[in-house]
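The values are calculated or read from the model by the stated rules, or taken from the named source; none is laboratory data. Predicted model only: the values in this text are computed from it and were never measured. Don't worry about glycine lacking a Cβ; one is built from the backbone with ideal geometry, like all the others, and counts go over all protein chains shown.
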Amino acid sequence: MSQNPLRLLLDVDNRFQRDREQAPAFLHRRDRRFALDCEQQGSNPTPERWLNHMERLSGPGGSNRAGCDVQRQWRRINSGFAAAGALFGILTMAGLLFYDGGQRINITVLLAFVLLQLLLALATTVQSIAGWQPWRWLLQRLNKQPPSAMLTQLQPVLMARAGHAGGTAFAFTGMLTLLVLLMIQDLAFGWSTTLDTAAQGYHRLIQAVAAPWGLLWPAAVPSQELVEATRFFRAAPMSTEIAPEQWGQWWPFVVMLWITWFLIPRFLLLVLSQWLISRRAHQLLQSHPGMQALLYRMETPTLDTGNQHNDANDLPDIRTQAKASELCDTRLLICWAGAGEPELPQQLMVRDSQILKAGGRASLAEDDQVLASLATNLANTASPSVIVITRSWEPPTGELHDFLVQAQEQWPTGTRVMILPLANNANERPKNHLIQPWLRFTERLPAGFATVALLPSAPDTPYQTGASAS
């Protein structure tokens, strides 16, 4: 499935936190098997595929929703900022364009307001890049529980996106309000300032502000004559020398001023903040300590040495309390990683057996199909049992351990699994030193789930039971 960078980071981080409870050997076998399956399928073991693989192993109800919950929370925050910005945009524009027929709407005030909004937008972006959190007090009220370490590092850019969402909604509804008022009212614009400013200097300022759209819409650039004609003073607020229609000729400039220096910058900074979130999330994922450990586990082969409880200078621990048992009667057989080729022991061939193949060259999907098929068959059996046939001279692998752990989760409760290590000659019992690693292997599985079984002696077999002690 497609992953949003923020959601992917939080889901992977949550999975790494949960993996802290697992043994390192188990994690190594699990992730190494995933890498081998990806190599067999010709695909790269990306974090997205690994996360999907972990969700399949977790089974129903084990889906990781940490990233989804955070996304939903920030979606509500962004919507709240946008709704508040839209409301304040209507009210602010209505206040800026309030006209009672006496005093003119001052262009200087509009210029100052747009400049203030542009500076606030730039400051919001700068604080997100620098990592400042002036909104921390608000986040503490909105978050019901403390954020994770990864989310804390993303909060500055997340709040910047929320701020720009509110600012964009503010500018958009303000623009709509301006257009509505232009249609339903006869607005009169002018300019004035307490400072001693000549009309010529004010016109140069207007030309500089209107430079981005001067070629596209020349009518939206006020002329020198319009600037001189629409200046009003305290001493002479009304002038009979000015044609009334000239007071309304400023509206194209006001529309383009709002769009060019307020709406468009806010929208572009909103897009930039979304890109910064994706880029920051990708960087945090690549530098995550858990990701470095995961890559190591996927690239390093696993080997069962029997020395898991001793230091490197000690001899391997070969003691085990498990004992081999006789093979019971069952018709369900699993040949693991090519075991039983070219032929199975005679004792197994005489039965009406259902022989399935898993592990080795089989893909993960094929292994899952074997587990599901046996789960259906075992559900209708009074005493469910399965024989897993292996090669005695090959040490137990992490892939087989993971396969049996999944089997224990999917098969009916009380299912008995018998691991049958075969010698080089399938009709002979393997040597005792070859059986010992498999006995230790069953001790690492859930208690009582699996045992090592040996072929029973038969008159037509070329060995005797007592020979197994050799």
Among the residues of the range 404-413, is any over 38 Å from the mean Cα position of the chain (by Cα) and of a type in the set (A, V, I, L, M)? no
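To keep it simple, each residue is scored yes or no on (1) touching a Leu at 6+ places or on another chain (Cβ under 9 Å); (2) without any contact (Cβ under 8 Å) to a residue 24 or more places away in the chain.
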| position | (1), (2) |
| --- | --- |
| Gln127 | no, no |
| Gln140 | no, yes |
| Leu154 | yes, no |
| Met159 | yes, no |
| Ala165 | yes, no |
| Leu181 | yes, no |
| Pro218 | no, yes |
Can you tell me which residues in the range 6-35 are of a type outside the set (D, E, K, R) and either surrounded by fewer than 18 Cβ atoms within 10 Å (Cβ to Cβ) or modelled with pLDDT under 85 (or both)? Phe16, Gln17, Gln22, Ala23, Pro24, Ala25, Phe26, Leu27
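If I go through the range 345-404 residue by residue, how many of them are part of a strand (DSSP E or B), touching a Lys or Arg at 6+ places or on another chain (Cβ under 7 Å) and free of Cβ contacts under 8 Å to residues at least 24 places away in the same chain? Talk me through it step by step, then tell me what you get.
Of the range 345-404, the ones part of a strand (DSSP E or B) are 354-358, 385-391.
After this cut, where a residue has to be touching a Lys or Arg at 6+ places or on another chain (Cβ under 7 Å) as well, the list is 354, 385.
If we keep only those that are free of Cβ contacts under 8 Å to residues at least 24 places away in the same chain as well, we get 354.
Residues in the range 345-404 being part of a strand (DSSP E or B), touching a Lys or Arg at 6+ places or on another chain (Cβ under 7 Å) and free of Cβ contacts under 8 Å to residues at least 24 places away in the same chain: 1 in total.
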Flagged in the range 103-161 as within 30 Å of Ala66 (Cβ to Cβ) and not in a helix (DSSP H, G or I), in numbering order, are Gly131, Trp132, Gln133, Pro134, Trp135, Asn143, Lys144, Gln145, Pro146, Pro147, Ser148
Check Arg440 against each of (1) closer than 23 Å to Glu341 by Cα; (2) part of a helix (DSSP H, G or I); (3) of a type outside the set (A, V, I, L, M) and name the one condition it does not meet. (1)
